[in-house]
Amino acid sequence: MKTYDEAIEYLYARLPMFTRDGASAIKKDVDNTLRFCSELGNPQQQFKSVHVAGTNGKGSTSHMLASIFACAGYKTGLYTSPHLVDFRERIRVNGQMIPKDEVLAFVSKNLSLIETIKPSFFEVTVALAFDYFAKEQVDIAIIEVGLGGRLDSTNVITPELCIITNIGLDHMNLLGDTIEEIAFEKAGIIKPAIPVIVSERNEEIARVFEQRASSLGAPLRFASEELNVVNTKQGKEGLLVDVLENKTGIKQSWTMQLSGLYQQRNLLGVLTAVDQLRFQGWAINDSDVLNGLLHVQENTGLQGRWQTLSSQPHIICDTGHNEDGIRAVVSNIKQVDYSRLHIVIGAMRDKDLHHMLPLLPTDAIYYFTSPAMPRALPARELKAAAAKYSFIGLAFDSVSQAVQAAKDNYQEGDLIFIGGSNFVVAEVLANNE
């Protein structure tokens, strides 16, 4: 194997991928990851980490924390998934993507091991990330769970702190049909005596986390019990959020570059996590938090979270792709002044459209599409499902055709929103470069 492109093509072609193949690509244990890491010298034990799980918000939370740590002067690793445009987005140190030659060297060196263990694409990616972070001697690595938690490949680390963000209905075919079952899977990242932060207390599932944490002697904090958002306002630099500390009555103001209204919920988890990490000896001051929140995109390369792609035409994209994610997107759309709303939307076959579609605006013009991958729901099937809710629109064979049609129909004062799936947004970002 002589080039980076050959290495990536090998990983894509030979290994099962959830993003492409769906549930059949999931290995429901961490045995492969443990074996792979053992052969690598257990790199996951050679750096400190924070583990982040959740249905929605785990990616944003991970990027915000990575940005804050970097601003505090720590050499910071960040592992997230899936990538949107470049495979190397998944593995970063201080915001810089893993070099292509590092990917090539890892795959080439471990080719026989990969052929022997037969891991999934995700398992190889996790092992690569851990190996790279260990070599780079990062001070801390923020590790985002891929799917679920208990059986996720990332769940072989012993972190400084566990964070669990919003819990909602998603991937029910893999994680369970009820919110309690899904919470149980997410709670699987909780480790003996390791502090855990849950961003939002939900009385339906709070006991799941309380019982798991209690049984393992893990200190548990619910961020929404300690902090309260008292005011939000969109400003030039982002979302201005006033947060009240319930115990002391102290109010602090934060400006978030990630300006989606739903980010205020993630903020409470991040601030509580910072407080806990300070208690554990990490030197993070308020100016580090301020700068970290204000420069997430520059510090980490995050894309696709209520991201403005252009102002004329006015185009915004967001990767929200389940019931709670769509609900948050719709709340954001309501905050925008526009004459007409154009929505370019696609979805995966395994998404619960019955819960998602009724949340979408009925007064929009829809452009149904399908990203270029096997898991994608054909645009015409999505259109047929949406017709039950009286949505008006046309189906397009490709994302680029759907976006172009929306642009052709755009008039000054309108808004084009693009979303429904990570992979719809990914194609748009790739074409927007």
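What the pair-distance distribution of the range 79-184 shows, using all Cα-Cα distances binned every 10 Å from zero, is 12, 41, 33, 13, 1 percent.
The string of couplings for the range 375-380 from the Karplus curve (6.51, -1.76, 1.60, θ = phi - 60°) is 6, 5, 6, x, 4, 6 Hz, one whole number per residue in order, with x for Gly and Pro. Summarising the amide proton neighbourhood of ILE163: residues at separation of 5 or more, or on other chains, whose placed amide H is nearer than 5 Å comprise HIS51, VAL52, ALA53, ILE197. Considering only beta bridges that DSSP places wholly inside the range 4-300, some 50 percent are antiparallel. A Förster distance of 30 Å, applied to the separation of the beta-carbon atoms of LYS109 and GLN280, puts the FRET efficiency at 0.30. Backbone geometry of the range 366-374 corresponds, through the Karplus equation with coefficients 6.51, -1.76 and 1.60 at θ = phi - 60°, to 3J(HN,Hα) couplings of 9, 10, 7, 8, 9, x, 7, 7, x Hz, x marking Gly and Pro. Here ASP101 sits with roughly 100 square angstrom of accessible surface, probe radius 1.4 Å. Accessible area per residue (1.4 Å probe, heavy atoms of protein chains only) ranks HIS63, HIS83, HIS355 as HIS355, HIS83, HIS63, with the largest value leading.
Cut-off 10 angstrom, C-alpha nodes, Gaussian network model of the chain. Which of GLN44, GLN263, GLN234 fluctuates the most? Taking springs between Cα atoms under 10 Å, the residue moving most is GLN234. Here the Debye sum runs over all C-alpha atoms of the range 307-431 as equal scatterers in vacuum, and log10 of I(q)/I(0) at q = 0.19 Å⁻¹ comes out as -0.99.
Remark: for residue pairs LYS75/LYS109; LYS100/LYS191; LYS48/LYS334; LYS247/LYS334, the C-alpha separation exceeds 30 Å in LYS100/LYS191; LYS48/LYS334; LYS247/LYS334.
For the range 321-428, applying the loop criterion from DSSP together with a ceiling of 12 other beta carbons within 10 Å to the GluC sites (Glu not before Pro) yields GLU412. The distance between label points at VAL230 and TYR10 comes to 5.8 nm (points 7 Å beyond Cα on the Cα→Cβ vector).
The relative contact order of the chain comes to 16 percent, based on Cα pairs under 8 Å that sit 6 or more residues apart.
When the Gaussian network model of the chain links Cα atoms closer than 10 Å, the mean-square fluctuations of ASN228, ASN155, ASN166 top out at ASN228.
Stretched out straight at 0.36 nm per residue, the stretch from GLU381 to ARG349 would grow longer than its current Cα-Cα span by 10.6 nm. Dipole magnitude for the range 4-300: about 280 debye, using +1 per Lys or Arg Cβ and -1 per Asp or Glu Cβ, origin at the Cα centre. Charge tally for ALA218 (other residues, Cβ to Cβ under 12 Å; Lys, Arg +1; Asp, Glu -1): +2. Amide H contacts for MET256 (H built 1.01 Å from N in the peptide plane; partners 5 or more residues away or on another chain; cut-off under 5 Å): LEU239, LEU240, VAL241. Per-residue extension of 0.36 nm, minus the Cα-Cα distance of GLU245 and SER214, leaves a gain of 8.7 nm for this segment.
In order along the range 99-105, the phi-based Karplus estimate (6.51 cos²θ - 1.76 cosθ + 1.60, θ = phi - 60°) of 3J(HN,Hα) comes to x, 4, 5, 5, 5, 4, 5 Hz; Gly and Pro are listed as x. Remark: the GLU181-SER400 segment gains 75.1 nm on full extension, using 0.36 nm per residue and subtracting the alpha carbon distance. If you wrap the range 4-300 in the convex hull of its Cα atoms and look at it from every side, the mean projected area works out to 14.8 nm².
For SER199, the shell of other residues with beta-carbons less than 12 Å away shows a net charge of +2, using +1 for Lys and Arg and -1 for Asp and Glu.
The values are calculated or read from the model by the stated rules, or taken from the named source; none is laboratory data. Please read these numbers as outputs of a predicted model, since none were measured by experiment. Cβ: placed from backbone, ideal geometry, glycine included. Neighbour counts: every protein chain shown. Note: areas computed on protein heavy atoms with side chains; ligands, DNA, RNA excluded. Shrake-Rupley method; radii C 1.70, N 1.55, O 1.52, S 1.80 Å.
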